[in-house]
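Following: one structure in structure tokens, then a few remarks.
The values are calculated or read from the model by the stated rules, or taken from the named source; none is laboratory data. All figures in this text were calculated on a predicted structure; none of them were measured in a lab. Glycine gets a Cβ as well: all are built from the backbone with ideal geometry, and neighbour counts include every protein chain shown.
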Amino acid sequence: MKKILLLTAAIALSLSAFAQKPDIPGLSDEQKASIKQLRTAMNKEIKKVNNLLREKNAHLITLQDEDKPDQKAIHKTIDEIAGLKGQIMKARADFRIKVNAQLSDEQRAAFQRHHHRPRHDRREMHAQKMIKSKKVMGGAETKRLRD
């Protein structure tokens, strides 16, 4: 029974570390649900645009690989790619604006600190969380396997 409880606690701990993206102090359950809904909607929109973006990039490569490339067609495709990237940027900006509107001043400051941090810092932070959760999980799993 202790083994199951320990494993459950380890899983809950690792999942709770990822429950809030980013870590915003003092979020109510209502705020969490609303932000999750906003993030889901944004991700769906971005996924559709990313699919179109992949198609346009593949089309651009095809145009550029022709024996006699059509410069107008290439420029048109590049403009379409730029427009799609702009749509993604706008979707992310809209998400941040909508989330900011729901936060207190303290929460907003934490949210903005996260989004103004260089991307490599965020990746490093995520990697550290993964290492910590694996240590917790690894220890529980190792102990469970030994018994």
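Considering each of Arg113, Arg123, Arg108 in turn, give the residue that is at pLDDT below 95 and loosely packed, with under 11 Cβ neighbours inside 10 Å.
Numbers: Arg113 fails: loosely packed, with under 11 Cβ neighbours inside 10 Å; Arg108 fails: loosely packed, with under 11 Cβ neighbours inside 10 Å.
Unique residue meeting the criteria: Arg123.
Taking into account only those residues within the range 65-85 that are of a type outside the set (Asp, Glu) and farther than 21 Å from Asn50 by Cα, which is surrounded by the most Cβ atoms within 10 Å (Cβ to Cβ)?
The initial filter retains those residues of the range 65-85 that are of a type outside the set (Asp, Glu), namely 68-69, 71-78, 81-85.
Among the residues that remain, those that are also farther than 21 Å from Asn50 by Cα are: 68-69, 71-72.
Values: Lys68: 5, Pro69: 12, Gln71: 9, Lys72: 8.
Restricting to residues being of a type outside the set (Asp, Glu) and farther than 21 Å from Asn50 by Cα, the top hit is Pro69.
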